1. Suppose we keep only residues that are away from every other protein chain (no Cβ under 14 Å) and outside any loop (DSSP other than H, G, I, E, B) within the stretch B:206-234. Which one would you say is surrounded by the most Cβ atoms within 10 Å (Cβ to Cβ)?
2. Can you name every residue in the stretch B:235-266 that is free of Cβ contacts under 8 Å to residues at least 60 places away in the same chain, within 13 Å of another protein chain (Cβ to nearest Cβ) and in a helix (DSSP H, G or I)?
3. Looking at the stretch A:228-274, which of the residues that are part of a strand (DSSP E or B) and more than 23 Å from residue B:86 (Cα to Cα) is farthest from the other protein chains (Cβ to nearest Cβ)?
4. Does residue A:193 count as farther than 22 Å from residue B:36 by Cα and either more than 14 Å from every other protein chain (Cβ to nearest Cβ) or not in a loop (DSSP other than H, G, I, E, B) (or both)?
5. Look at residue B:40 and say whether it is under 22 Å from residue B:280 (Cβ atoms) and at the interface with another protein chain (Cβ under 10 Å from one of its Cβ atoms).
6. Whether any residue in the stretch A:201-220 is closer than 30 Å to residue B:222 by Cβ, surrounded by 15 or more Cβ atoms within 10 Å (Cβ to Cβ), within 14 Å of chain B (Cβ to nearest Cβ) and out of contact with any helix residue (DSSP H, G or I) (no Cβ under 9 Å at 6 or more places or on another chain) is what I want to check.
7. Residues to consider are B:196, B:190, B:172; find the one that is touching a strand residue (DSSP E or B) at 6+ places or on another chain (Cβ under 7 Å) and part of a helix (DSSP H, G or I).
8. Given the criteria closer than 20 Å to residue B:289 by Cβ, more than 14 Å from every other protein chain (Cβ to nearest Cβ) and either in a loop (DSSP other than H, G, I, E, B) or touching a helix residue (DSSP H, G or I) at 6+ places or on another chain (Cβ under 9 Å) (or both), does residue A:68 qualify?
């Protein structure tokens, strides 16, 4: 995993692209080490960070790096609260703070031989799967092929509706499920996962998405005896192990810090993935 | 802001504090910076300009604590409510594992180490102080008194008499400087500070977080935090901190470590002007891990330009 520069740094936004219900925010980050897939950064706007709804935001927000190429970092954002809203407003030339890359990403080498990577994403949680697939396939721009000669990578994505399903453009060739049936399979992405595991259990699952989805993935993989790595989300104040605020309970007692022990953890470390529906971020 | 008498200027370089010489007046608030985790996240660069002139540990208790069940955080207007619950590996784990790991970073030698401890009885506090006394790496002890005394049921830090009694009972257990971290959740913080001073405190630090609560977004009257209530910190409490630091500095002779919502050298300077000897940066380090270094640098630059202004001013008279 990459070690972050010690201070937060100012980045200049290079693009703000609408992708259905989401925003892809790109920023020049020439001095940063390349993040490992699954690592994240704490982001905040330099100007007007605060004074929004409920006199927030105050803390930076944690985002998985969706892609990192040519000294430019890509983040996938959904406007769900005062912090994400402010970041979604940023236009090219405006500046934002970034601290990262932080945390432990996906363990690429730990995959058992003979197991095909099976990527499962939900909603805005598809972000780390983009850079993960790039790394697994050797693809530079995520053009959809397996040009790098790596193992075939299956991608399953779930969204609430058609506007969010437009996010799947970041992972061409993925199988899609929507809650309202507007795109692809009518139902949950975990139903696609169950069918995939039924077809061939020689898979290693990497998943990121809302807690109920991750819990369903965890339970399915446990029953099927398929190894799974889960990228967790939790409210964080710092992102580097200082505040002890982002903990989740581990199997056998105690807690792990999502920011430094994760965000990607082995599913076997957890008894279950708890719902985390805090203040709108 | 200050009288045009350069002799009264706040120190720009080294600061004397309870017999320790600190490179500048900025330290961290206990529990807001984990040097070991930060070293893992940021590598050696962290130690090239360690953000603080002294490093204050998280609160250490006799027995290990897992901390409160999540959720532990709530973003408040211009601030943060936390209900962390003092997770720590316990005194034995701290001494055996953390002290050597901190020493490897130069903390304890290059950067003085202040160990923050909490006990729920005079006997527990005495054991913690004795253990710290035996370790030369520890320069000073900070006592967290924001907890009930299991023997009396009184909040140790919230009652001046109780604070004085507990401190008097344990004071002799260490010759190291003893800083008492006062709680702001009391009727008269200056009276508590005087109680701490009478009990033998070498310094007092304040303010700790203000007791606060948040309700679950869609949960009716259900408290959001796993610990039901938590502590409010950040810019939201800065004005409260200034008032309490000023009141305490006027009430005691011992040095004061001031903290609460400091985000800039201007805020640090205000606490120094209110009578603090040192200033702790807390929640701001969550947003920017090098905030302490930034504030110390800017404080120094401000003091230099102020001194230059004074010289220019007196030359023109």
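The values are calculated or read from the model by the stated rules, or taken from the named source; none is laboratory data. Treat the numbers as computed from the prediction; the structure is a model and nothing was measured. For neighbour counting, all protein chains shown are included, and Cβ atoms are generated from backbone atoms with ideal geometry for every residue, glycine included.
1. B:206
2. Of everything in the stretch B:235-266, just one residue is free of Cβ contacts under 8 Å to residues at least 60 places away in the same chain, within 13 Å of another protein chain (Cβ to nearest Cβ) and in a helix (DSSP H, G or I), namely B:238.
3. Selected residue: A:228.
4. Numbers: farther than 22 Å from residue B:36 by Cα: yes; either more than 14 Å from every other protein chain (Cβ to nearest Cβ) or not in a loop (DSSP other than H, G, I, E, B) (or both): yes.
Taking the combined requirement at face value, the residue satisfies it.
5. So residue B:40 fails the test.
6. Looking through the stretch A:201-220, at least one residue is closer than 30 Å to residue B:222 by Cβ, surrounded by 15 or more Cβ atoms within 10 Å (Cβ to Cβ), within 14 Å of chain B (Cβ to nearest Cβ) and out of contact with any helix residue (DSSP H, G or I) (no Cβ under 9 Å at 6 or more places or on another chain).
7. Details: B:190 fails: touching a strand residue (DSSP E or B) at 6+ places or on another chain (Cβ under 7 Å); B:172 fails: touching a strand residue (DSSP E or B) at 6+ places or on another chain (Cβ under 7 Å).
Checking each option against the conditions leaves just B:196.
8. Answer is no for this residue.
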